[in-house]
């Protein structure tokens, strides 16, 4: 990606994002909606209230021009997050989230992963679980590729457990959990919890 583009109608918000992303060299601030239609090959961070009713058209245009979008809203909404993911948006979160979350989102997007704030991720995983509880045969097929220990951890990930909750449940260190999760993702050819959860929708 050539640059990180920040777009909002709220100057205070733009300044906040800029401060949080100060380690990145090529940051561009845009205040005019029309200028957004010329952006290509960039990571674009924006809040949807800045484009109002033109968001769908803008997002489609930006995605067509090989941009990776991180949409940040003051009040994140699960249903809107689902809609954005289907559209091809790479990340969704809170416009005033912490510096660590914002940087985590950028790193995930740079590495071609999807990033959602934890609350939305948890809800997303639970919805997938609820809609896939009857797919035991599919689960067995997926889990058959894993060792017994990895299967135990994969089941907990599927249930929406965090790394620390898995660590407590299985009485193993966080680092051991992370190592097992990396092996699970490698074997199942997924990159993150969202793509892992999507395996159970098939």
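The values are calculated or read from the model by the stated rules, or taken from the named source; none is laboratory data. Quick caveat, the model's predicted, so the values are computed rather than measured. Because the Cβ atoms are built from the backbone with ideal geometry, glycine has one as well, and the counts that use them run over all protein chains shown.
Conditions (1) over 23 Å from residue 105 (Cβ atoms); (2) touching a strand residue (DSSP E or B) at 6+ places or on another chain (Cβ under 7 Å); (3) assigned to a helix (DSSP H, G or I); (4) touching a residue at least 12 places away in the same chain (Cβ under 8 Å), marked per residue:
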residue: 149; (1), (2), (3), (4): yes, no, yes, yes
residue: 165; (1), (2), (3), (4): no, no, yes, no
residue: 185; (1), (2), (3), (4): no, no, yes, no
residue: 191; (1), (2), (3), (4): no, no, no, yes
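Being touching a residue at least 40 places away in the same chain (Cβ under 8 Å) and at positive phi is the filter here, so list the residues in segment 74-114 that pass it.
The one that is touching a residue at least 40 places away in the same chain (Cβ under 8 Å) and at positive phi: 112.
Surrounded by fewer than 16 Cβ atoms within 10 Å (Cβ to Cβ), closer than 14 Å to residue 5 by Cα, out of contact with any strand residue (DSSP E or B) (no Cβ under 9 Å at 6 or more places or on another chain) and without any contact (Cβ under 8 Å) to a residue 60 or more places away in the chain: which single residue out of 52, 38, 56, 60 fits that description?
38
Assuming residue 111 fulfils every condition listed in (1) surrounded by 17 or more Cβ atoms within 10 Å (Cβ to Cβ); (2) assigned by TED's automatic domain parsing to the domain that holds residue 89; (3) at pLDDT below 90 apart from one, which condition is it?
Among (1) surrounded by 17 or more Cβ atoms within 10 Å (Cβ to Cβ); (2) assigned by TED's automatic domain parsing to the domain that holds residue 89; (3) at pLDDT below 90, residue 111 violates only (1).
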